[in-house]
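Each remark here refers to the structure printed beneath this line.
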Amino acid sequence: MEKEPLLMLPGPVPMPERVRYAMMRQAINHRSAEFGAVYADSVRVLKTVFGTANDLFVISGSGTAGMEAAVANFGRDKEIACIVNGKFGERLYKISQRYGKAHEIASAWGTPVNLAALEEQLKAGAEIVTLVHNETSAGIKNPAPEIGKLAHKYDALFVMDGITSIGGDLVESDKWGVDIAIVGSQKCLAAPAGLAAISVSSRAWERLSKNPPYYLDLAAYRKSASGKQMETPYTPAVPLFLALREACLLIEEEGLANRIARHQKMSAAVRAAAQEWGLSLFPKLDAHHTYSATVTAVSYPDGIKDDEMRALIKKMGIVIAGGQDHLKGKIFRIGSMGAVGAPEILATLAATQYALKKLGYKTHGDGVQAAAEVLG
Ligand SMILES: *Cc1c(COP(=O)(O)O)cnc(C)c1O
């Protein structure tokens, strides 16, 4: 029997049937009340998921389009302090270099943000701070509330990539002082790839660049969304919007608090397994940082080859992620985003345990049993 592989990646993630079927229909006019309602439903739910009462728009483009929209609309020619402790923080830094005067606040991937260095940069006049809340490349969750406080203390805008936290973990954009937050559709929302959502505070609108980009002009998004039916400035990816609405309605039906608790439990189960196997989790934490609730990064023990291990797991129909860039071969990552529950987690951990043993690693204990104890 042919079966689709189970994607236990930090995006894309398997989509619920209702989400997939929503795309399977005849074209609809994007200048219509029907499309307006599709867009409005998504925005309503996304505002609760973002924890914001700010304006919120959906962009046709992946998460990176949302990151670029944030920097291009608010960061042009500005002093930008970019916090980098992983691949996606680095991406925000690279985008910022294209538009403004970017300053990297660097620490090694998966290690704590250097808050003292950030404060120095703010004292020196940084006008914007960029942060990746949940650094997917390293499985670390950064202290967004503290960073928001620092940004506000120095009257800087706070841009937060919540691409793998929003919809899976607790995010309170307004309470944390996030001026611009971004999510991508194919991560915790369990929608198809290709959409980004972005929220904008009134404080940010006051500082909008006078030289905005064209396709990602957020003022144009605001104007199009403010009529009696919600629209986008240009033709949106309508089938993806239809699917996103369904994904949002599923979140509403599950209840955000339940969804967050489920994500926390699934990631706790993965961590329990890794610890039972005697493997170390990759991130190095301090009192301000925690493990990600949506993706778990585990260091490979000596002698286990990444391509061999993931090939064995793939043979059993399950796909997990390796490391990116210099972490290739050093870590593996198990995503627990979206609609995942105990069946997917237990299958993934059983396959991983099998592969570790098959390749000669002597697991200390039974990680699958340890995970089941968390899930049961
Ligand atoms: C996946 C991801 C992105 C990039 O999103 P794309 O949809 O691949 O453009 C950005 N930031 C984080 C934290 C991510 O996990």
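The values are calculated or read from the model by the stated rules, or taken from the named source; none is laboratory data. All values derive from a computational prediction rather than experimental measurement. Note: ideal-geometry Cβ built from the backbone for every residue, glycine included; neighbour counts use all protein chains shown.
Within the group Ser209, Ser199, which residue is under 15 Å from Ala70 (Cβ atoms), at pLDDT 95 or above, surrounded by 20 or more Cβ atoms within 10 Å (Cβ to Cβ) and not acidic (Asp, Glu)? Just one listed residue meets the conditions, Ser199. Which one is farthest from the ligand (Cβ to nearest atom), of the residues in segment 102-156 that are touching a Pro at 6+ places or on another chain (Cβ under 7 Å) and among the small types (Gly, Ala, Ser)? Across segment 102-156, the extreme among qualifying residues is Gly110.
Among Ala225, Ala191, which is the only one that is within 12 Å of the ligand (Cβ to nearest atom), closer than 30 Å to Ser32 by Cβ and small (Gly, Ala, Ser)? Exactly one of Ala225, Ala191 is within 12 Å of the ligand (Cβ to nearest atom), closer than 30 Å to Ser32 by Cβ and small (Gly, Ala, Ser), namely Ala191. Can you pull out the residues in segment 157-174 that are more than 21 Å from Arg91 (Cα to Cα) and either near the ligand (Cβ under 10 Å from one of its atoms) or within 9 Å of the chain's Cα centre (by Cα) (or both)? Of everything in segment 157-174, those that are more than 21 Å from Arg91 (Cα to Cα) and either near the ligand (Cβ under 10 Å from one of its atoms) or within 9 Å of the chain's Cα centre (by Cα) (or both) turn out to be Gly167, Gly168. Do we have Phe50 as within 16 Å of the ligand (Cβ to nearest atom), of a type in the set (Phe, Trp, Tyr) and in the same structural domain as Arg207 (by TED's automatic domain parsing) here? Spelling it out, Phe50 is indeed within 16 Å of the ligand (Cβ to nearest atom), of a type in the set (Phe, Trp, Tyr) and in the same structural domain as Arg207 (by TED's automatic domain parsing). When Phe74 is tested against (1) out of contact with any helix residue (DSSP H, G or I) (no Cβ under 7 Å at 6 or more places or on another chain); (2) away from the ligand (no atom under 16 Å from the Cβ), only condition (1) is not met. The set of residues in segment 299-319 that are in contact with a helix residue (DSSP H, G or I) (Cβ under 6 Å, 6 or more places away or on another chain) and touching a residue at least 60 places away in the same chain (Cβ under 8 Å) contains only Ile318.
Answer with yes or no whether Gly11 is within 16 Å of the ligand (Cβ to nearest atom) and either buried (at least 19 other Cβ atoms within 10 Å of the Cβ) or not assigned by TED's automatic domain parsing to the domain that holds Trp176 (or both). It would help to see each step written out before you state the result.
Working: within 16 Å of the ligand (Cβ to nearest atom): yes; either buried (at least 19 other Cβ atoms within 10 Å of the Cβ) or not assigned by TED's automatic domain parsing to the domain that holds Trp176 (or both): yes.
Criteria met by Gly11.
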